[in-house]
1. What Rg and what Dmax come out for the range 1-146 when only alpha-carbon atoms are used, in angstroms?
2. Points 7 angstrom from Cα along the Cβ direction at Gln118 and Ser26: gap in nanometres?
3. Using a Förster radius of 30 Å, what is the FRET efficiency between Met37 and Arg59 based on their Cβ-Cβ separation? Nearest 0.05, please.
4. Would you kindly state how much longer the chain becomes between Gln110 and Lys139 on full extension, computed as 0.36 nm times their sequence separation minus their alpha carbon distance, in nm to one decimal?
5. So, in Å, what gap is there between the alpha-carbon centers of the range 9-64 and the range 92-107?
Amino acid sequence: MVVCLLVCMTGFHCACRNLPKHVERSDFFRYMVVLRMGGLYADVDTECRRPIDEIIKPRDTLLVGWENEFATPEIAAHRNYARTRQVLQWVFAAAPGHPALREICDHIAQNVYTQFSQNTNRDTLERTGPGVFTDYVLKHAAMHPPSKVTACSCCCTYTCLAQTARAF
């Protein structure tokens, strides 16, 4: 019941219902929850090794971490990564209504039936997984570099954690 209400409140009910794989619905659901409610999402198999209040700054509106970086797209693809430099989406935090999450959800809703490749696993990486997540997070981070952030309350700040551990 709560799941249905949340999905309906975000306006993505049809898209969520029509995604072909459970993992894609799970990816989409995590984005919708944080888009609507804000907060921290972490997969159940992650471990927080530092207090969260040491990591999240009061002005942060989006917190992500680097998952991996490869020398070439071919090496990344061979290792089943979507991007050469990839942001992880198994742990992230965002303010409610964050525009990057809104664009990610819009992209997913518009591409429910899109075939990105001949490989269904690759399609998942591009449709709902770390490929699309990386693209929109980095797009929004580039639009709000630290030098452009001012003291007004409407600005977005982005923190990207270094790749130092498997979570925080």
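Any read-out appearing in this document is the output of simple, stated calculations on the displayed coordinates, not a laboratory observation. None of these values were measured; they are calculated from a predicted model. Please note: Cβ atoms are built from the backbone with ideal geometry, for glycine as well, and neighbour counts cover all protein chains shown.
1. 15.2, 46
2. Going from the Gln118 label point to the Ser26 one covers 2.8 nm.
3. On the way: r = 19 Å, r/R0 = 0.64.
Efficiency, from the Cβ-Cβ distance: 0.95.
4. On the way: separation 29, 0.36 × 29 = 10.44 nm, distance 1.81 nm.
Once the chain is fully extended between Gln110 and Lys139, it gains 8.6 nm.
5. Computed from Cα coordinates, the inter-centre distance equals 9 Å.
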